[in-house]
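The values are calculated or read from the model by the stated rules, or taken from the named source; none is laboratory data. Just so it is clear, the model here is predicted, and its values are computed rather than measured. Glycine also receives a Cβ, built like all others from the backbone with ideal geometry; neighbour counts cover every protein chain displayed.
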Amino acid sequence: MNDKQLKQSLLSASLTELPPLGMDVLSLVNDFRRYYTHSLGRDRHSRSTHYAYQALVLILRERLMERWKQTRYAYEETDCKQAYYLSLEFLMGRALGNAMLNLGLEEDTALALQCLGMELEELAESEHDAGLGNGGLGRLAACFLDSCATLQLPVTGYGIRYDYGMFRQQLADGEQVEEPDHWLRDGNPWEIERPEYTQRVRFGGRSEFQRDGAGRLAARWVDTNDVLAIPYDVPIPGYQNGTVNTLRLWKAAATDEFDLGEFNAGLYPESVAAKNTAEQITLVLYPNDSSENGKELRLRQQYFLASASLQDVLARWVGIHGNDFTRFAEKNVFQLNDTHPSCAVAELMRLLMDKHGLGWDQAWEITARTMAYTNHTLLPEALEKWPVRLFRRLLPRLLEIIFEINARFLAEVARHWPGDSERLRRMSLIEEGREPMVRMAYLAIAGSFSVNGVAALHSRLLVEGLFRDFFELWPHKFNNKTNGVTPRRWLARCNPGLARLLDETIGSGWEVDLDRLRGLLPLAEDGAFRERWRQVKRANKERLAQMVAAECGVAFDPQALFDVQVKRIHEYKRQLLDVLHVIHLYDRIKRGDTTTWTPRCVLIGGKAAPGYFMAKRIIKLINNVALVINADPEADLLLKVAFLPNYRVSAMETIAPGSDLSEQISTAGKEASGTGNMKFMMNGAVTIGTLDGANIEIREEVGDENFFLFGLTAEQVEERRHHYDPGAIIASDEDLERVVSLLSSGHFNQLEPRIFDPIVHAITNPFDPWLIAADFRSYV
Ligand code: 26Q
């Protein structure tokens, strides 16, 4: 072949014609060697888990890459409708195990590594969790991405690439200590930077109006401080189906001109400092899972995400259709994960009008047909509000648009309920007062075609309470989407023993069609099946016990009942009720009331928001109670208690399979759904729970006999508030009285006087919103 022929054949071979990568053990071994030695430059003298992990990721990433491109092309070619999941949080956890499972390479990679003299388990354990979320809402976003890829739905996640994710929780003297989570320190081999899709996001400045050529008034947003948004793409593989979707995370970077302007004025240090302000936007995740009021940086994050993501989608649209938006709403939909990205409603209006020249009516028609809003909370104090003043300073053009949306919206309300000024005040997107506020949930409802709650009860309570006025105006917008979790990570991956048992009894397929688990029903009384089931559970409990021993220094006996509550620490989730029960059990031991006794190991874990005093005090109480009980030889074979530090996605992957009893004990009507409840149940734990969130639907599915129901209903809770007398309840319940006495006498804080007074006060307070004392007896 001469030079010319060579050039010709290289040109004609398009990239898509690369030979597919081998999916067999030998290919994996060879590729691993090549990466380890050639790409990473290591040899047998540098045997490190870290580089071996890197090499392993590279071979998987390569295999994802070809499928990723094919998926993109397929979506382009079929011109299908695309959905965008906008979320300030994606709690992805580890990616390696998931990639192996979804590529169908679990067994072969384990074998390949064995050939190379390495342990897959060890490499997998060395991966740092991607902790870009607080809890339920962030993990839900991650589970949705997995499921959408598995269902081959064209869904892209849009989020923020925080330099620091959810803090690491350590304990010092039983108290929570937060440590920064610099998860990117060793690099992130799963992401691909895509500077070619950089967007520009504006802040500050003011708006000007000018007549355009057609004599229309056009807004210009000027004198802004701009920030660049650089996308980093993460592959989201579907389950053994060749689909790889995308999670696009934005990183903030300073613009060049901004620096230069300051620099020319002779302000070099100031210009470098300005770089900091820009890059601060994506520095750290807010570790608060209710709300963080009025923090400017948080609003910057929210707008940054909304604006960069919308511009990205619009740029792709304009690239194909030019400024013709007639079919945009047919082809695109944006799902807002709570109100956090709800600036998007006003931002899409702005982009369509100010940048692409649409009129208000056409822009509004498109916006209200493409936005959908998911609510995750019923707690009124958790509804997001932003001071109008802050909005005006940071996003002046957006505020104008919000005012205009509000004016038109209130006109509609007034047409519907003439003369009802009280209703206008209640429903306004702007809360009036000394400090007027933008009500983000109302903006989201007004700008969306769909508003959903996350469990049947939650969705009902939303339309009966918090959003009642809006339901009366637009009943068609409101609906329910009960949460779910991916059975790939939360069963197939985290519980290989059970997965194998399922495969051998009902065949495979349950990973994508969980209803098939009904095929187990005929085996419920089958002795051989039950024996294998018990062996699986036993092995998983041993693994969990090892983790508890290593992390907490507490010995859990796998023969005992493993009773587990892991979730964010919140008063409404009632970890305190769990502790009261533990104290009651201890009291029974001390009284010698142990003739009918099931040895029990109680595990509690979860992070408290750094500024949440009561949550932190509850952690301290759990640890102090654990110290006393675990040190008491009388309790030794009967009761053990441990607080697991730094609860996170990867910890749950060991916890759920090793648990017998799942604690889902929130005050009824307060937990929107819960998703941990599902992970425990599908790993074969029974639940003790209230009629709250998705517990209700879980109970309907598994039957009353697999669910220990207790406590007041949501309706009873609201009724009881009016005449709640915890003092009387405690006085009439000898067990509870003894528990409260132990607490208030300082039994668990002998060297730390009064530290649990706030907790005793919370339990005995007639205004206790969580009605701890009311549910104690039925819980026991
Ligand atoms: C808001 C403003 C400023 C700073 C932070 C926040 C913020 C951040 C995270 C507010 C709320 C959250 C997270 C809420 C959350 O995780 N909610 C849970 O969502 C799950 C998924 O729907 C449900 O299962 C849980 O019931 C719900 O508590």
Check on Met100, more than 16 Å from the chain's Cα centre (by Cα) and at pLDDT below 95: no
Among (1) crowded, with 22+ Cβ neighbours inside 10 Å; (2) within 21 Å of the chain's Cα centre (by Cα), the one test that Tyr442 misses: (2)
Matching residues, the stretch 147-183, being under 22 Å from Asp312 (Cβ atoms) and of a type outside the set (S, T, N, Q): Cys148, Ala149, Leu153, Pro154, Val155, Gly157, Tyr158, Gly159, Ile160, Arg161, Tyr162, Asp163
Number of positions in the stretch 28-64 that are among the polar types (S, T, N, Q) and closer than 22 Å to Glu121 by Cβ: 4
Of all residues making up the stretch 276-310, the number that are surrounded by 17 or more Cβ atoms within 10 Å (Cβ to Cβ), more than 16 Å from the ligand (Cβ to nearest atom) and farther than 17 Å from Ser342 by Cβ: 1
Criterion (within 14 Å of the ligand (Cβ to nearest atom) and farther than 30 Å from Arg94 by Cα) met by exactly one of Thr713, Thr764, Thr690: Thr690
Failed item, numbered, when Pro341 is tested on (1) over 17 Å from Tyr158 (Cα atoms); (2) within 16 Å of the ligand (Cβ to nearest atom): (1)
Any hit, the stretch 649-661, residues being of a type outside the set (Val, Ile, Thr), under 23 Å from Leu544 (Cα atoms), within 16 Å of the ligand (Cβ to nearest atom) and surrounded by 19 or more Cβ atoms within 10 Å (Cβ to Cβ): yes
Count of residues meeting criterion [under 24 Å from Gln176 (Cβ atoms), in a loop (DSSP other than H, G, I, E, B) and among the charged types (D, E, K, R)] in the stretch 630-664: 1
Any chance Gly693 is in contact with an Asp or Glu (Cβ under 6 Å, 6 or more places away or on another chain) and on the phi > 0 side of the Ramachandran plot: yes
Candidates Gln169, Gln210 - the one that is of a type in the set (S, T, N, Q) and modelled with pLDDT under 95: Gln210
Which listed residue, of Phe409, Phe403, Phe391, is within 16 Å of the ligand (Cβ to nearest atom), touching a residue at least 12 places away in the same chain (Cβ under 8 Å), part of a helix (DSSP H, G or I) and among the aromatic types (Phe, Trp, Tyr): Phe391
Residues of the stretch 378-388 satisfying the condition of being within 10 Å of the ligand (Cβ to nearest atom) and at pLDDT below 95: Leu378, Leu379, Ala382, Leu383
Enumeration of residues in the stretch 426-468 that are touching a Lys or Arg at 6+ places or on another chain (Cβ under 6 Å) and not polar (S, T, N, Q): Leu429, Glu431, Met437, Arg439, Phe449, Val451
Thr370 more than 16 Å from the ligand (Cβ to nearest atom) and within 22 Å of Val201 (Cα to Cα): yes
